[in-house]
Amino acid sequence: MWKNKSTFGFLILTHFVMLSTAVNLYSDDNRLIFRISVENTESHVQTKAVKTFSAELTDAFENRLDVRFYHSAGLFRDSEVVRALARGDLEMAVPGTWQLDKYVPEIGYLLMPDFYGADSEDIDAFFEKEGGRELIRRIEYGLDVKIPGLWMDLGPAHIFTTDTQITETKDFSNLRIRVAGGIANKKRVEIFGAEGIIIPWPDLQQRIKDKSIDGLLTTFETIRSAELWNLGIRYAYADNEYFAQYVPLVSSYFWNQLSDEEKKTFTDIWNRSALNQRKDAEKAQEEAIHLAQSKGITVYFPDTTQKYEAWRLIQYRRDEISEALNIDQEFLKLVQEVKE
């Protein structure tokens, strides 16, 4: 069995916490408590989908589960949910991939140069192969969670700026670019010449207001959901830096309280919700681009040559990025063999 130091250490901590904490899973009416946390605002396409999933889960498990849904980081920030799951303070979260590489470094592979410019079909193709299946196993083992089914899409992430328009990679020079998380995201913008700064979503708006950052890595839908044009976002460099997704994580401690039939029902409801969400996310991103333009954001789409040159720039530093991520070499060898 592979062992990554950060993953293995977190696994030991998880087991210690779960064994040493009296986890109260039941509400006053003797139903299993099921708390779900998301960080995005109520109007965000991901939040809407998880809210719908929560309602359908309530209907299906009316006498079995006490489903409690929290949005807008009302319970936990996404950067906090992994440890909250481990402590028994949360039963489910749906964080972005960029929040998890500090626990399972291999998930950072989805943010590496290999996926620069990728779309949903590229991601799906990866998960249909052994490399994708191995990544799922590592996440479940490393975090002591169950991934009940499909990942939800956010969509292609781009660079948005306030005062400086980017039309080529050299324009990144000396800009302070916020990233939500992910070592590879930070390294990528730094290779382009910017300073990458990790800032949690709840703190972002104030940082834009006080001009302590010049831009951010995010999606058009996220810009729309928070109406960031009102805070001074004026430009977009639409280069598909990576394809953002959300990972459903369910506490193994909770999951093991369910019968096989209940697990199947849960998985069916989740997958149905995720499939609908993916369609909604694609539509939302398209609509958000047009809305952003109507609100005065100038969008620049780099051509194929520009994207290729940017990819070459970060691909040249691929080993450096994988080392910073601390990705297991056995995993990298596996995904490379699958490619070939």
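Since every read-out is calculated from the coordinates, none of them should be taken as a lab result. What you see is a predicted model; the values in this text were computed from it and never measured. Cβ: placed from backbone, ideal geometry, glycine included. Neighbour counts: every protein chain shown.
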Quiz item: Rounded to the nearest 0.05, what FRET efficiency is calculated for Arg207 and Thr298 with R0 set to 25 Å and r the Cβ-Cβ distance?
Solution: 0.70
Quiz prompt | Modelled FRET efficiency - R0 41 Å, Glu282 with Ser27, Cβ distances, 0.05 increments | solution = 0.65
Exercise. Please compute the net charge surrounding Pro156, taking Lys and Arg as +1 and Asp and Glu as -1 over other residues with Cβ under 9 Å from its Cβ.
Key: -3
Quiz item: If the viscosity is 1.002 mPa s and the temperature 20 °C, what translational diffusion coefficient in µm²/s does Stokes-Einstein give for the chain when Rh comes from Kirkwood over Cα pairs?
Solution: 104 µm²/s
Practice problem: Would you mind ranking Glu320, Glu227 by Cβ crowding within 10 Å, fewest neighbours first? | Solution: Glu320, Glu227
Quiz item: Could you put Arg83, Arg278, Arg133 in order, starting from the residue whose Cβ has the fewest other Cβ atoms within 10 Å?
Solution: Arg133, Arg83, Arg278
Quiz item: Hey, how many Å between the Cα centroid of segment 136-169 and the Cα centroid of segment 49-87?
Solution: 20 Å
Quiz item: If you stretched the chain out fully between Asp260 and Ile136, how much longer would it get, using 0.36 nm times the residue separation minus the C-alpha to C-alpha distance?
Solution: 42.6 nm
Quiz item: Taking neighbour counts of Cβ atoms within 10 Å as a proxy for exposure, in what order, fewest first, do Trp270, Trp311 appear?
Solution: Trp311, Trp270
Quiz prompt | Rounded to 5, percent antiparallel among DSSP beta bridges of the chain | solution = 50 percent
Practice problem: Give, as a single signed number, the net charge of other residues whose beta carbon lies under 12 Å from the beta carbon of Gly96, with Lys and Arg counted +1 and Asp and Glu -1. | Solution: -3
